[in-house]
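Each value in this text was obtained by applying a stated rule to the coordinates, not by laboratory testing. Being a predicted model, the structure only gives us computed values, none of them experimental. Here the Cβ positions follow ideal geometry from the backbone for every residue, glycine too, while neighbour counts run over all protein chains shown.
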């Protein structure tokens, strides 16, 4: 499962944080392997910032804003993409909340550095579509901390697949 936090919604959006968490969709919980990074804004001079998204961030709870915009511990986007790729390339599937957001922005970032994508197009899965198959599922609130949200989405996906009695994924 991947999740990113950004300052925009376009493919070239500036990325604040990137998270990925390994898990078994048909299991419970998640594996030890995960990735989380805060991305330096200075490394993204050619990426865009959307004023409406920046204004949206101003309305979010203080802990979410502080995590997304904290100055300490940021790394260049180029480095984060390399590190993220090491986890993703071993995965059978790549889940995200709507592949036209997370995957599209990450794909644009990989291409902007002339890096190969660490996933194949047929690996991408949309967890939000799976959730829609169980409309009455309780939905925990989104934290806007990318790793916390990955784990929240994993729990919802696993619960939905169990509820639907899914025994195998192809």
Original post:
If you line up the long axis of helix 146-163 against the longest principal axis of the chain, both from Cα atoms, how many degrees apart are they, to the nearest 10?
Top reply: 20 degrees
Original post:
Antiparallel as a % of all DSSP beta bridges within the chain, to the nearest 5?
Top reply: 60 percent
Subject >> Residue-averaged [θ]222 nm for the chain, counting only DSSP H segments that reach four residues, each worth -39500 (n - 2.57) >> reply: -11000 deg cm²/dmol
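Taking R0 as 22 Å, what FRET efficiency do you get between residue 142 and residue 93 from their Cβ-Cβ distance, rounded to the nearest 0.05?
The computed FRET efficiency comes out at 0.50.
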Subject >> Shape category assigned to the stretch 107-154 from the gyration tensor of Cα positions, a/c cut at 1.5 >> reply: oblate
Subject >> Computed over the chain: relative contact order in percent, which uses C-alpha pairs under 8 Å that are six or more apart >> reply: 30 percent
Subject >> Estimated inter-spin distance, residue 164 and residue 133, nm [label 7 Å along Cα→Cβ] >> reply: 0.2 nm
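Based on the alpha-carbon set only, what is the convex hull volume of the chain divided per residue, in Å³?
Roughly 116 Å³ of hull volume per residue.
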Original post:
Picking from 79, 153, 21, which is most flexible by a Gaussian network model of the chain using Cα springs under 10 Å?
Top reply: 79
Subject >> Whole-angstrom gap from the stretch 52-106 to the stretch 1-51, using each part's C-alpha centre >> reply: 2 Å
Original post:
Anyone know which of 129, 59, 28 comes out most mobile in the 10 Å Cα GNM of the chain?
Top reply: 59
Original post:
Among 77, 54, 106, which one moves the most in a GNM of the chain with springs linking Cα atoms closer than 10 Å?
Top reply: 54
Subject >> Compactness relative to 2.2 N^0.38 Å, alpha carbon Rg of the stretch 1-81 >> reply: 1.19
Original post:
Mind checking the angle between helix 77-88 and the chain's longest principal axis? C-alpha axes, 0 to 90 degrees, to the nearest 10.
Top reply: 20 degrees
**OP:** Using label points projected 7 Å from each Cα along Cα→Cβ, tell me how many nm separate residue 72 and residue 59, to one decimal.
**Re:** 3.1 nm
**OP:** Could you list 82, 149, 136 in order of exposure, starting from the residue whose Cβ has the fewest other Cβ atoms within 10 Å?
**Re:** 136, 82, 149
